[in-house]
Amino acid sequence: METHVLTFTITKSFAEWVATYDASLPLQKIAGITSLYRGVSKDDPSKVCAVMQAAPGVMEQFITDNTDMIAASGHVIESTVSQVFVAS
């Protein structure tokens, strides 16, 4: 299992972004992704952090398959910084 810590910029309000993110939770579950956290920077309302767990390759495939939905949420895909952690 991998834990993905994603930070990125949004072009819509956090409330607008989170509505799309929360609506995608059933799709995430079907894909095998567990959402652990999503939040907005207290200092910058355009900066978001999302933490999810999935088997290797699952997160990347989900993003590829759902790029249009992700972009429509206001998520600036090119701004994404992804860190992946594993328990040893």
Q | Checking residue 84 against (1) in contact with an Asp or Glu (Cβ under 6 Å, 6 or more places away or on another chain); (2) without any contact (Cβ under 8 Å) to a residue 60 or more places away in the chain; (3) not charged (D, E, K, R), the condition it does not meet | A | (2)
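So that you can scan it fast, the table gives a plain yes or no per residue for (1) under 15 Å from residue 20 (Cα atoms); (2) in contact (Cβ under 8 Å) with a residue 12 or more places away in the chain:
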position	(1), (2)
34	no, yes
37	yes, yes
41	no, no
44	no, no
67	yes, no
71	yes, no
(Q) Among the residues that make up the range 49-70, is at least one of them within 10 Å of the chain's Cα centre (by Cα) and not hydrophobic (A, V, I, L, M, F, W, C)? (A) no
Q. For the subset of the range 6-18 comprising residues that are touching a residue at least 24 places away in the same chain (Cβ under 8 Å) and not in a loop (DSSP other than H, G, I, E, B), which member is farthest from residue 81 (Cα to Cα)?
A. 16
Q) Only one of (1) touching a Leu at 6+ places or on another chain (Cβ under 9 Å); (2) free of Cβ contacts under 8 Å to residues at least 12 places away in the same chain is not met by residue 59, so which one is it? A) (2)
Q: Go through the range 26-88 and tell me which strands (runs of 3 or more DSSP E), entirely inside it, have 2 or more residues that are surrounded by 14 or more Cβ atoms within 10 Å (Cβ to Cβ), at pLDDT 95 or above and of a type outside the set (Phe, Trp, Tyr).
A: 34-40, 47-54
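The values are calculated or read from the model by the stated rules, or taken from the named source; none is laboratory data. Note that the structure is a prediction, hence the values are computed from the model and not measured. Using ideal geometry, Cβ is built from the backbone for each residue, glycine included, and neighbour counts are taken over all protein chains shown.
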